[in-house]
Protein chains: 2
Amino acid sequence: MLINELSKRTGITAHTIRFYEKSGLIKGKRYENVKSNNYYHYDEDTVEKLELIRDAKSVGFTIHEISQLIDAWYNNKMTVTEKLSILDEKLLSIDERIKQLKEMKKLISHFKKDVLTDNC
Amino acid sequence: MLINELSKRTGITAHTIRFYEKSGLIKGKRYENVKSNNYYHYDEDTVEKLELIRDAKSVGFTIHEISQLIDAWYNNKMTVTEKLSILDEKLLSIDERIKQLKEMKKLISHFKKDVLTDNC
DNA sequence: TACAAGTATAGACTATACTCTAATGTTGTT
DNA sequence: AACAACATTAGAGTATAGTCTATACTTGTA
């Protein structure tokens, strides 16, 4: 599929998809037998990758971290041990974030209590 | 206290503190009776605010969101209802983030399973 | 008093992550 | 053939959040 279809299927603009391509997150293919243009062609895996990018971004992962995740998912040059090491590291960082968010919840709940007691 | 002490107590550089001052997150006071300089003086509340800024930043809040939090905490011009509305909104967004993080954990655990089954 | 250390300001610079524009070429439809 | 729609590239611009430099003035210490 060409970039326009990929964009429609993922809801990510062609501009941003090209930015991800330049950043190395996804890889389109150019067919050698087509000489008239140099259009990129994308497969179903790329749709999945873009969905992962969107989800991972929404929880605060950087492009660099997402790039590591995609490698752990698709890169055939990495060993199982390397992949697991990256995935475990990400799981730990997620747990840390959840912990911090829960602390922030407590703090904000304290604010609420203060607001209610100081003003009523 | 002057900026250097504030910096030492919070671990935030003077540069960054001045950036927060410019961004409206904190407010130093200048004493009119001192004519020889125009140094900013900070109080204990500012220390607390900077600690809040650091914590809130670590969970991914933007300067703008933190500014709202500080208003809900310290601004005397806001009504109780307005403050509670902001705090409740932040609590909801935190819950949403925790939910997304848990989904991401599930996804990464799936990756782990795939890595283990595909390669052993 | 000399001089190091502290303070303020403007503005330049960096990094991340886009977002957009312009120029140019290709493809598809009528 | 004409023309809209699509594709690529380079490079400029934007927003966020700092980070650093240069200049200049003030304060504290030997």
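The values are calculated or read from the model by the stated rules, or taken from the named source; none is laboratory data. All values reported here derive from a predicted model rather than from experimental measurement. When we count neighbours, we look across all protein chains shown, and the Cβ atoms used for this are built from the backbone with ideal geometry, even at glycine. What goes into the accessible areas is simple: the full protein's heavy atoms, side chains included, and nothing from ligands, DNA or RNA. Shrake-Rupley method; radii C 1.70, N 1.55, O 1.52, S 1.80 Å.
Summary table below
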{"read-out": "Those residues of the stretch B:18-55 which are near DNA strand D (Cβ under 9 Å from one of its atoms) and touching a Ser or Thr at 6+ places or on another chain (Cβ under 8 Å), in sequence order", "value": "B:SER23, B:LEU25, B:ARG54"}
{"read-out": "Residues (in contact with a Phe, Trp or Tyr (Cβ under 9 Å, 6 or more places away or on another chain) and at the interface with chain B (Cβ under 7 Å from one of its Cβ atoms)) located in the stretch A:63-80", "value": "A:ALA72, A:TRP73"}
{"read-out": "Conditions (1) open to solvent by 70 Å² or more (accessible area, probe 1.4 Å); (2) closer than 19 Å to A:LYS57 by Cα; (3) within 16 Å of DNA strand C (Cβ to nearest atom): number failed by B:SER58", "value": "(1)"}
{"read-out": "Residue list for the stretch B:19-44, restricted to those being more than 9 Å from DNA strand C (Cβ to nearest atom), farther than 28 Å from B:ALA56 by Cα and of a type in the set (S, T, N, Q)", "value": "B:ASN33, B:SER36"}
{"read-out": "Residue identified as of a type in the set (Lys, Arg), in a helix (DSSP H, G or I), open to solvent by less than 80 Å² (accessible area, probe 1.4 Å) and more than 10 Å from chain B (Cβ to nearest Cβ) among A:LYS105, A:LYS112, A:LYS83, A:LYS49", "value": "A:LYS49"}
{"read-out": "Residue check, A:ARG9 open to solvent by 60 Å² or more (accessible area, probe 1.4 Å), farther than 29 Å from B:THR117 by Cα, without any contact (Cβ under 8 Å) to a residue 60 or more places away in the chain and more than 12 Å from DNA strand C (Cβ to nearest atom)", "value": "yes"}
